[in-house]
Amino acid sequence: MTTPHAAPLLDIRDLRVSFPTDDGLVHAVNGMDLRLSRGETVGIVGESGSGKTVTSQALMGLLKDTSAVVTGQILLDGQDLNALTEAQMRAYRGKKIAMIFQDPLSAMHPFYPVGVQIAEAYRVHNTVTRKAAAAAAVDMLGRVGIPDPRRRYDAYPHEFSGGMRQRAMIAMALVCEPELLIADEPTTALDVTVQAQILDLLSELQAETGTAVIMVTHDLGVVAEVCHQVVVMYGGLCVERATVADLFKEPRHPYTQGLLDSMPSLTGTGERLRPIPGFPPSLLALPEGCLFADRCPHTGLVPDGACHTRRPELAGPGTHPSRCHLTRPQPAREVAR
Amino acid sequence: MLDPHVPPSRTPRADPSVPTAEQVATLSPPSATTPPAPSSAAEPAGARTLLGTAWLRIRRSRVAVGSLVVVALIVLFAILAPVLSAIEGQDPYTSLTGPDYLDGVDTPGLPLSYYRYPSTDHWLGLEPGLGRDIFARMAYGARISLVIALLSTMVSVFLGTVIGAAAGYFGGKVDMVISRVMDLFLAFPHLLLVLSLTPILQSRLGGTALDSGSLLPVASLVIILGFFGWAYLARVVRGQVLSLREQEFVEAARAYGASRRSIIFRQIIPNVMGVVLVYATMLIPTNITAEAALSFLGVGVKDPTPSWGQILNAAQAGNWYLSDPWFLAVPAGALVITVLAFNLLGDAVRDALDPKSSRH
């Protein structure tokens, strides 16, 4: 929304995902909206179970042919991905929209050399000879910063270090030059120095190729480093959307404030962290009111106990809406970072 | 082991309280020929595939190498049957009857003692009753027995892998139907079924292209044994695939646009090949004994075509083994050695393919 180019690359409208289980329907995503322009990076932040990963799986169409119920529209270049069949979706996966997984070791096939897997991903969408695909894979390995790519082509995933594996995974995702890359916690399994290298690499490649990136993470530090826009998710809903600068400067939703408060501060002097009390709502039976009401310190400020009876809309200024009954944002506590 | 379709006696999760023959064998003190541990340092540290590691482990285990050699010798014995019987100067079909060879007084048909036991003319003696050369019959019989065992195992392994993978991958109704069919196959009293179906199949195949010489009984046994041996493997493969399809690398393959066929054949099947290979090496001896049992009971390979079971049958038919157990000892001994070698090899393959095994 911050960069209203002609038409957004990705426009998600009222995405809802639920999974039937023996205990009833689990409402994992409950009306998600998201817009993304070409070349932009948006971060999706939230704790475990907030619907981040399910959203990205729905985007990739990985929930097709499962028991999951996906409604709403996922418009990529105007084409509704949610309306496509599994077979039609296959043409989009990898080619237009690709994904990086959290754990590259389990996301790569243990029996095939890394290069072969990248070449395979290339051959799915390009009718070329094996030799040409191998050349493309070697080239891609070089571009993601793997030294001696020709020799590394024949190495197996378990012979790579964690950072190298994630580089290879990125190579696999980008080899067909997709327009949208979904990175599902791409740095969670890595240590901090490698994490920084991988984020730099992603930014470099993005600048080179103009790929739009959705960075799914629970790490606000990652968001601050690479994202333009941030969407904060809670209970399968977007509770706040803002540019990175606005979000850190002026978090509006009490949940976002809680998230920022619970981050250790770099300048802190042994101050205790302030975790958000309570637990996320059960996705089996969502409360009628605000999903965060039970953990929110400000419910007393809203008249008539509306927080517990009426679910707030995503409202506020166009560049920084939040889903809270408090029209005026609470004064944000000072945020170190 | 008459029932050819019980699960192999040593499935990957064998009773740990019973030491396998291999474990017993490895208890013997290590000999000086055992390569010292540091030899692994000489191997290149990189690019070692699963199969490469497995081969290395097999080479380092004396039991594995021993059983591999025995299996190779048995296969050579079968392949070289015409050569070997030509060297011996005999063939498997010529009957040497008459008082020069066989006793005609006390026990009519019993070979005279020179012809009963190994000699330079007849390396394993003559068959009682018909006076045919046992060595030549054993060699040619090995061909039939091994061909039946290998082909029926291939049929079972193919069916089991494909059907099990389909059940595991597609799940839902497909899985339910296939699983019930597997239960049905596993619940049947196989020996009875095979005993009654084999003659029917043989008469049905009569007159078709398969009806020429010894081809008919071989083909019918391959079909019957193969068709009734897949269910157990299918169940094992189904279980493996059920867990594999949830693995992230399968999701990652979907995420780059891989087709369903490519996911099944490129991503999932290679991961179950270890289990399948182990099962196959264990199914071969089961099918060898099954062929022997069926031929022994008279529904398998028929005289004059030699097979090890048929040779056993011939020794039993006229109660000849009561006169001299030697007639039983030759085919039974060959069966025991073969089955033992294949089973030990299966054990070794299983150990070698187990990534958690610390044995090198």
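Report the charge-dipole magnitude of segment B:289-360 in Debye, nearest 20, computed about the Cα centre from +1 at each Lys and Arg Cβ and -1 at each Asp and Glu Cβ.
Working: 4 positive and 6 negative charges, 34 e Å.
Rounded to the nearest 20 debye, it is 160 debye.
Against the longest alpha carbon principal axis of chain A, how many degrees, from 0 to 90 and to the nearest 10, is the axis of helix A:162-174 turned?
Here the helix axis deviates by roughly 80 degrees.
Normalise the Debye intensity by I(0) for the protein assembly as shown, one equal point scatterer per Cα, no solvent, then take log10 at q = 0.05 Å⁻¹ and round to two decimals.
Rounded to two decimals, the profile gives -0.39.
Once Lys and Arg get +1 and Asp and Glu get -1 on their Cβ, which of B:A139, A:A28, B:I200 lies farthest toward the positive end of the dipole of the protein assembly as shown?
A:A28
Using the Cα centre as the reference, give the magnitude of the dipole from point charges on the C-beta atoms of segment A:285-328 (Lys, Arg: +1; Asp, Glu: -1; all else neutral), rounded to the nearest 20 debye. Spell out each step's value before the answer.
Values: 5 positive and 4 negative charges, 24 e Å.
Dipole of segment A:285-328, to the nearest 20 debye: 120 debye.
Tally the DSSP beta bridges in the protein assembly as shown and give the antiparallel ones as a percent, rounded to 5.
Close to 60 percent.
Could you tell me the calculated FRET efficiency between A:A306 and A:L284, based on Cβ-Cβ distance and R0 = 25 angstrom, to the nearest 0.05?
Values: r = 24 Å, r/R0 = 0.95.
According to the calculation, E is roughly 0.60.
Taking amide H positions as placed in the peptide plane 1.01 Å from N, state which residues far from B:L102 in sequence (5 or more) or on other chains have amide H under 5 Å from it.
Correct list: B:L112.
Rounded to the nearest 20 Debye, what is the dipole magnitude of segment B:134-353 about its Cα centre when Lys and Arg each give +1 and Asp and Glu each give -1 at the C-beta?
With only Lys, Arg, Asp and Glu charged at Cβ, the dipole is about 560 debye.
Could you work out the Kirkwood radius for segment B:134-353, taking every pair of different alpha carbons, averaging 1/r and inverting it, reported in Å?
Working: mean 1/r = 0.0528 Å⁻¹.
Across segment B:134-353, the inverse of the average 1/r is 18.9 Å.
When the Cα centres of segment B:161-209 and segment A:34-102 are compared, how far apart do they sit, in Å?
Computed from Cα coordinates, the inter-centre distance equals 42 Å.
Averaged over A:84-93, how many beta carbons belonging to a partner chain fall within 10 Å of each residue's beta carbon?
On the way: counts 0, 0, 3, 2, 0, 2, 6, 1, 1, 6.
If you average over the peptide's residues, the count of other-chain Cβ atoms is 2.
Please state, to two decimals, what the Cα-based radius of gyration of chain A comes to when divided by 2.2 N^0.38 Å (N = residues). Before the final figure, lay out the partial values.
On the way: Rg = 20.8 Å, N = 337, 2.2 N^0.38 = 20.1 Å.
For chain A, the normalised Cα radius of gyration is 1.03.
Work out the mean other chain Cβ neighbour count within 10 Å for the residues of A:110-119 and drop it here as an integer.
On the way: counts 6, 10, 5, 2, 0, 0, 1, 6, 1, 0.
Whole-number average of other-chain Cβ neighbours for A:110-119 is 3.
If you add up the charges near A:A135, with Lys and Arg at +1 and Asp and Glu at -1, over every other residue whose beta carbon is less than 13 angstrom from its beta carbon, what do you get?
Result for the local shell: +4.
Taking A:K52 as the anchor, which lysines have their alpha carbon closer than 27 Å to its alpha carbon, excluding any fewer than eight residues away along the same chain?
A:K64, A:K95, A:K96, A:K249
Considering the dipole of chain A built from charges on the beta carbon (Lys and Arg +1, Asp and Glu -1) around the Cα centre, which of A:A58, A:M172, A:L247 is farthest to its positive end?
Toward the positive end, the furthest listed residue is A:M172.
Tell me the net charge near B:N319. Cut-off is 15 Å between Cβ atoms, B:N319 excluded, with +1 for each Lys or Arg and -1 for each Asp or Glu. Write down the numbers at each step before the final one.
Working: positive: none; negative: B:D103, B:D106, B:E127, B:D324.
Spelling it out: positives minus negatives among the neighbours equals -4.
Give me Rg over Rh for segment A:73-215, both radii from the alpha carbons and Rh done the Kirkwood way, two decimal places.
With Rh from the inverse mean 1/r over Cα pairs, Rg/Rh is 0.96.
On average, how many beta carbons from a partner chain sit within 10 Å of the beta carbon of a residue in B:245-252?
Details: counts 0, 0, 4, 8, 13, 3, 7, 15.
What the average comes to for B:245-252 is 6.
Just so you know, all these numbers are worked out from the coordinates, no wet-lab data involved. A quick note: this is a predicted structure, and the numbers were derived from the prediction, not measured. Positions of Cβ are backbone-derived with ideal geometry, glycine not excepted, and every protein chain shown enters the neighbour counts.
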